[in-house]
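Trainee: The structure under discussion is supplied below as structure tokens; questions concerning it will follow.
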Amino acid sequence: MTEREIGYMSAFDMAAAIKAKKLSPVEVVEAILTRIERLNPKVNAYCTVLAESARREAKDAETAVMKKRRLRPLHGVPVSIKDLIFTKGVRTTFGSKIYEDFIPPEDAVVVERLRAAGAIIVGKTNTPEFGFMGVTDNLIFGPTRNPWNLGLTAGGSSGGAAAAVAAGLGPVAIGTDGGGSIRIPSSFCGVFGLKPSFGRVPRGPGFTDWQTLSHTGPISRTVRDAALTMEIIAGRDNRDRHSLPGARLRYLSFLGGDLKGLKIAWSPDLGYAVVDPQVLEITSKAVGVFEMLGAKLEATDPPAGNPGMAFTRTWGIMLATRYGSKLAEWREQMNPRLVAMIERYMSRSVDEFAQAAVVREEYYMAMRSFFEKYDLLLTPSVAVPPFEVGKFEITEIAGVKGSPALDWNPFTYPFNFTGQPVASVPCGWTADGRPVGLQIVGRPLDDVTVLRAAAAFEQASPWADKEPPLD
């Protein structure tokens, strides 16, 4: 099997081939490391590559296969970890010069569980400083580029993770999502991304700056790989007081079949967003697939309004509280946009934060009521296709000018406010080859229906056979 074939192989098939002795863990890891060495200088998905430890662990995994030991679900499968997530003994910078040489003393829960499942951590993926913006660029490693077009951004803040998967530099990447940071780059890079229900996957130990906004989840080329990964990383852990109780689910068992009986809402703009015409055309066409699969589709907007101002205030005050004290020493070595945001919110009052919390609660209640009628909500994932590297925002969409901060990704942050499970599925490409994603929003805590719908859409409108023109 060639390096390219291994690079674009799913984690599920990779694990099965290793178990059947059709592939060896050493062969798999060498193929992925070879691709990283060859392609990462173009894409800049990985900021740290763990070649030595990955090769050592691959040999150990191969020994276990040859000795017919009991193999674990991801035995010998390469996985990457976003550089906001603790990895014991491995530099974790958070994309910031402040932590350029920081080495965590322990693994985050998600990393610990992946290792226990036999996965081989091949590296850390690039992120903007503290994950604060929707494109991936920082003062240590520079920008991550889109594998479909190296002149375009991969999105953010899990841009390195999504670019790695899209480029065949590992079948599964772990990202985080505080306002769209899994879904934006998944949409931009033409891969699948899942933001599980808040608390479904434990966060920490380590970086938890986004508090109740942040979710940890998988990015992969297939829905099945995401479901497999969720079986490993989801479940209660007392190190995260927000993690959800209950038995671990067998997510793979929920995949397959049609969508008969589901009632699905389709909102192309949530009642307030401006959307690029190409994105609107592609996503509007994609929602028809759900009707073909047996779902009842209804075009309607949730009556919840736009929580953007309250979200920005919540997010900004959190960042200012956490990093305001760093400005005196580190200002010149921090992203100037981050500095501006911290300064803007350092003087904000407790009352303003409390008011935002009230809006958040009201927004959740409005969405909860909406989802009493619908099983799922479909929207575009992002209002625009991927744009040029070096840009940090879009200030005009379809001839309409607006606020640059949130207007180009108006569909993602509302569901960090509510904590609902959400996925982004590839649903098409623009005329000039830029990927477009469709967002699938589930009822509170109903991750399995999101995965079920995503898998059905993937079966009807597959995307994993499409590969960017890198090789």
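The values are calculated or read from the model by the stated rules, or taken from the named source; none is laboratory data. Only a predicted model underlies this, so the values are computations on that prediction, with no experimental measurement involved. Every residue, glycine as well, gets a Cβ built from its backbone with ideal geometry; the counts of neighbours run over all protein chains shown.
Trainee: Between residues in the range 93-112 that are on the phi > 0 side of the Ramachandran plot and residues that are assigned to a helix (DSSP H, G or I) and surrounded by 15 or more Cβ atoms within 10 Å (Cβ to Cβ), which pairs lie under 6 Å by C-beta distance while being six or more apart or on different chains?
Mentor: Filtered contacts from the range 93-112: Phe94/Phe130; Gly95/Glu129.
Trainee: Also, I was wondering about something else. Taking the range 288-307 as the region of interest, how many residues are at pLDDT below 95 and buried (at least 20 other Cβ atoms within 10 Å of the Cβ)?
Mentor: Result for the range 288-307: 1.
Trainee: Additional query: Six or more apart or on different chains, Cβ under 9 Å: which pairs go from a residue in the range 130-146 that's over 18 Å from Val382 (Cβ atoms) to one that's in a loop (DSSP other than H, G, I, E, B) and at pLDDT below 95? Could you list them?
Mentor: Close Cβ pairs satisfying both conditions: Phe130/Phe207; Phe130/Asp209; Phe130/Trp210.
Trainee: Examine the range 202-220 for a residue that is surrounded by 24 or more Cβ atoms within 10 Å (Cβ to Cβ), under 17 Å from Val422 (Cα atoms) and more than 13 Å from the chain's Cα centre (by Cα), and state whether such a residue exists.
Mentor: yes
Trainee: Using the structure shown, decide if Tyr364 is farther than 27 Å from Thr136 by Cβ, assigned to a helix (DSSP H, G or I) and either in contact (Cβ under 8 Å) with a residue 60 or more places away in the chain or among the aromatic types (Phe, Trp, Tyr) (or both).
Mentor: Yes.
Trainee: Conditions: (1) buried (at least 20 other Cβ atoms within 10 Å of the Cβ); (2) over 22 Å from Leu280 (Cα atoms); (3) charged (D, E, K, R). Asp471 meets all but one. Number of the miss?
Mentor: Of everything listed in (1) buried (at least 20 other Cβ atoms within 10 Å of the Cβ); (2) over 22 Å from Leu280 (Cα atoms); (3) charged (D, E, K, R), Asp471 misses just condition (1).
Trainee: Could we say that Ile36 is part of a helix (DSSP H, G or I), of a type in the set (Val, Ile, Thr), closer than 29 Å to Gly155 by Cβ and touching a residue at least 24 places away in the same chain (Cβ under 8 Å) here?
Mentor: yes
Trainee: Would you point out which residue out of Gly261, Gly246, Gly256 is in contact with a helix residue (DSSP H, G or I) (Cβ under 9 Å, 6 or more places away or on another chain) and exposed (fewer than 13 other Cβ atoms within 10 Å of the Cβ)?
Mentor: Residue meeting the stated conditions: Gly256.
Trainee: Another question, if that's okay. Within the range 223-235, how many residues are in a loop (DSSP other than H, G, I, E, B) and either touching a Leu at 6+ places or on another chain (Cβ under 6 Å) or crowded, with 23+ Cβ neighbours inside 10 Å (or both)?
Mentor: Qualifying residue count, the range 223-235: 1.
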